[in-house]
Each structure stands twice: as C-alpha cells, then as structure tokens.
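The values are calculated or read from the model by the stated rules, or taken from the named source; none is laboratory data. Quantities reported herein were computed from a predicted structural model and do not represent experimental measurements. So basically every Cβ, Gly included, is an ideal-geometry build from the backbone, and we count neighbours across all protein chains shown. Note: accessible area is taken over every heavy atom of the protein model, side chains too, but ligands, DNA and RNA are not part of it. Shrake-Rupley method; radii C 1.70, N 1.55, O 1.52, S 1.80 Å.
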Amino acid sequence: MLDSFLRRHLDGPLAPVAAWLQARKIRGWTLTVSAFLCSAVAMLDIGHRTYLAGLVLLVLAGAFELLDGPVARREGATPFGAYLDLVLSVIAAAGIAFAFALAEPDRALAAMFLMLGLVARTATLAGTFAVTPWAPSLIGKTELFLAFALACLLPDRFSIIAYLVGTLCFVAAGSRVATIAAGQP
C-alpha cells in the first residue's frame, strides 16, 4: 500500500542519486542483491538477539531497495530484474521472521504464521506477475520493513506484530484472488 506512494514521491528526489550510481556502473540488480545481503546479515544479528544491529542492516537494505528501482528504470528495467527483486525480498522477509524465532523459540508459532501469510501473499502476486508486476497490495515491502523495524525495537512484541502482519498478508492474498476472479487484474 505504501510502496506505490513512496515510489511516486521519492522517484524524483532519488533521480540524481540513481544517475550518480548509474554513472559509476552500479546496476539495479547489484542494489537488489546488496539489499538481500544486508538482510541476510540482519538475520544473523536478529537470531543472536542483537536487534539494533539487525535494525541498522535492515535500514541499509531498505536504502538499497529504494534505489534499485530508479537505477533499473534508468538502465531499462527488465522482467528478470523485477522477478529477482521479488524472489530475494520474499526470502529475506521469511528469513527475518525465522531469525526472530531463532532468537526466542517461544515465538516460532507466530513466525510460522507470518511466513505462511507471506507465502499466501507472494503466491497471489507471483501468479499474476507477468500481467501486473507492480500490482498494488495491502501489505508491501514498506509495511514489512516497518513491521520488522518495530519488532527490532520491541522484540518482546514480535508475536503480536507477526500475527497482525500475517493476517494482513492473508487478507491481501484473498483480496487479490477475488480481484482476479472478478476479471480485474
């Protein structure tokens, strides 16, 4: 939901940064992979209960995520680039949920609920990816980032956050299926 809002309002201000990165031969996919690698290290930090270090890495991953699209569009976005972005983002989100479960095994059920919600949400997006790769969703990368950032700041509230976000993912998936069934991609 917030992804399209941010894209509309940040693409202009990020254009000079994207041009600067492109002039230095930094490609959109490089930023996508960098975001994933930051998320992977954040998983290790969160799994070891160093939540603030994990949050710093998630913020860095988010910065790369904000820039990968504008850079990719400057160089000519490709379906594979968008696909890679989706795949790595889903793996990172599931991995972050898993890391919270590793940090505190009592959270495993909440983490699994969130991961199942992410699978449902992604399945409905991936099924229509070729038709509408930028389809709006009730819960997108921005909402996931905010949820994980909040969980890093309030790790004892992870289960509440996970159940809430997981539920939103299920609602988004159901809404997407209903929209497609009605013939309106």
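Between ILE180 and LEU146, what is the FRET efficiency for a Förster distance of 30 Å, r being their Cβ-Cβ separation, to the nearest 0.05?
On the way: r = 27 Å, r/R0 = 0.89.
Here the calculated transfer efficiency is 0.65.
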Per residue, how much accessible area does the chain show when a 1.4 Å probe rolls over the protein heavy atoms, in square angstrom?
53 Å²
What is the magnitude of the charge dipole of the chain about its Cα centre, with +1 placed on the Cβ of each Lys and Arg, -1 on the Cβ of each Asp and Glu, and no other charges, expressed in debye to the nearest 20?
380 debye
Please report how far the C-alpha centroid of segment 1-74 lies from that of segment 103-119, rounded to the nearest whole angstrom.
24 Å
Using mean projected area of the Cα convex hull in nm² as the read-out, say which of (i) 10.9; (ii) 14.4; (iii) 9.9 was calculated from these coordinates.
(iii)
Let me know the longest stretch in the chain that avoids all trypsin sites (Lys or Arg not before Pro) found in a DSSP loop with at most 12 other C-beta atoms within 10 Å.
26-185
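Counting only protein heavy atoms and a 1.4 Å probe, tell me what percentage of the chain's accessible area is made up of carbon and sulfur.
Here carbon and sulfur together make up 74 percent of the probe-accessible area.
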Given a Förster distance of 30 Å, report the FRET efficiency between ASP156 and VAL41 from their Cβ-Cβ distance, rounded to the nearest 0.05.
0.85
Extending each Cα 7 Å along its Cβ direction at ALA19 and VAL33, get the distance between those two points in nm, one decimal.
2.7 nm
